[in-house]
Amino acid sequence: MLKAGVLGAGHLGKIHLKLLNQSDKYELVGFYDANEENGKKVEAEFGYKFFNSIEELIDAVDVVDIVTPTLSHYDCAKQAIAKGKHIFIEKPITNTVEEAEHIRELLAENKLRGQVGHVERFNPAFLAVKDEINAPMFIESHRLAEFNPRGTDVPVVLDLMIHDIDIILSVVKSKVKHISASGVAVISNSPDIANARIEFENGCVANLTASRISLKKMRKARFFQKDAYISVDFLEKKCEVVKMKDAPEHPGDFDMVLQNAEGEKKQIYFDNPPVANNNSILDELNTFADAINNDRAPIVTLHDGTEALRVATQIINCF
């Protein structure tokens, strides 16, 4: 079992503490929080050991789980790497692309492992159809949330849209060619609603919308490719695959057949792949332990996290 410690005991940090404590791949050593009052409160309520300094915690563990505000990710990661520790770092990886690239360099130099917490990669609905997504040419995503002051210190692109940016970059095997976007600050001092259009060199186009001032919650993505349409509901954990194949010469009474302008007949069939019941955060933490123990690349690498941040930054620069 790997000895793990958590930096940051806010809303998400407490979830990480609970799951690391449950995991059979980690021994939870304890945590550090810059707010001593909050740290003592969490220690008293849950029994996790509160360390008095970040250095003390890092010295006591093999893996440092960084769940602090984004602005401190870079410094926390540098300190952990300097002590020879593997790092799990919440999204967005750092505050700037330059910081992310430096962390990647340090990690490689020290032959350590790092993973970024892009948790939607472990969403069971996405996992159920991931292998069906093959060369999509148009992607549409909507991530809408009701207003919550937590997270409004950053633009909605870094708060919400970055989840979908990472998902899209993971399935489109092509470089980004052009980005256009618009964003509006309605309640916060940074944009609360944004739309972005990402064009890839292979011709794929992705249209992303994110809002944190919606009256309803939504987390959906739709992928369109040759002879198939795939939808993923990240919130409800549902998915659907609609495929087309050449119609049989004598279709059945209940077969759905379409004929295009060229006279080609296609049969439509629907598939609802089974969606496993999982805890996505526990899975991402456990697969990171497997990557360390088996000396292999994590599922969401620091390169992945850097590229998602790079695209997010380009979108923000359009505003």
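The values are calculated or read from the model by the stated rules, or taken from the named source; none is laboratory data. Here the structure is a predicted model, which is why all the values come from computation and not from measurement. Here the Cβ is made from the backbone with ideal geometry for all residues, glycine too, and neighbour counts use every protein chain on show. When the accessible area is computed, the model is the full protein with side chains, heavy atoms only, and any ligands, DNA or RNA have been set aside. Shrake-Rupley method; radii C 1.70, N 1.55, O 1.52, S 1.80 Å.
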Only one of E27, E55, E120, E105 is assigned to a helix (DSSP H, G or I), within 24 Å of D295 (Cα to Cα) and open to solvent by 30 Å² or more (accessible area, probe 1.4 Å); which? E105
Residues in segment 249-281 that are of a type outside the set (G, A, S) and within 30 Å of Q22 (Cβ to Cβ) total 7
How about segment 233-249: which of its residues are open to solvent by 70 Å² or more (accessible area, probe 1.4 Å) and in contact (Cβ under 8 Å) with a residue 40 or more places away in the chain? E236, K237, K238
Regarding R219, is this residue modelled with pLDDT of 95 or more, open to solvent by 30 Å² or more (accessible area, probe 1.4 Å) and touching a Ser or Thr at 6+ places or on another chain (Cβ under 9 Å)? yes
Being of a type in the set (A, V, I, L, M), in contact with a Gly (Cβ under 7 Å, 6 or more places away or on another chain) and closer than 24 Å to I167 by Cα, is that true of even one residue in segment 81-92? yes
Within segment 58-73, can you find the residues that are farther than 16 Å from V29 by Cα and either of a type outside the set (V, I, T) or part of a strand (DSSP E or B) (or both)? P69, L71, S72, H73
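Rundown of residues vs (1) surrounded by 20 or more Cβ atoms within 10 Å (Cβ to Cβ); (2) under 22 Å from the mean Cα position of the chain (by Cα), yes/no style:
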position	(1), (2)
A4	yes, yes
I15	no, yes
D33	yes, no
G47	no, no
F51	yes, no
D62	no, no
I66	yes, yes
L71	no, yes
Tell me, which residue of segment 74-102 that is open to solvent by less than 30 Å² (accessible area, probe 1.4 Å), outside any helix (DSSP H, G or I) and touching a residue at least 40 places away in the same chain (Cβ under 8 Å) is nearest to M1 (Cα to Cα)? F88
Would you check if there is a residue in segment 250-265 being in a helix (DSSP H, G or I) and either among the charged types (D, E, K, R) or touching a residue at least 40 places away in the same chain (Cβ under 8 Å) (or both)? no
Screening K18, K14 for residues that are at pLDDT 95 or above and closer than 18 Å to C76 by Cβ leaves only K14
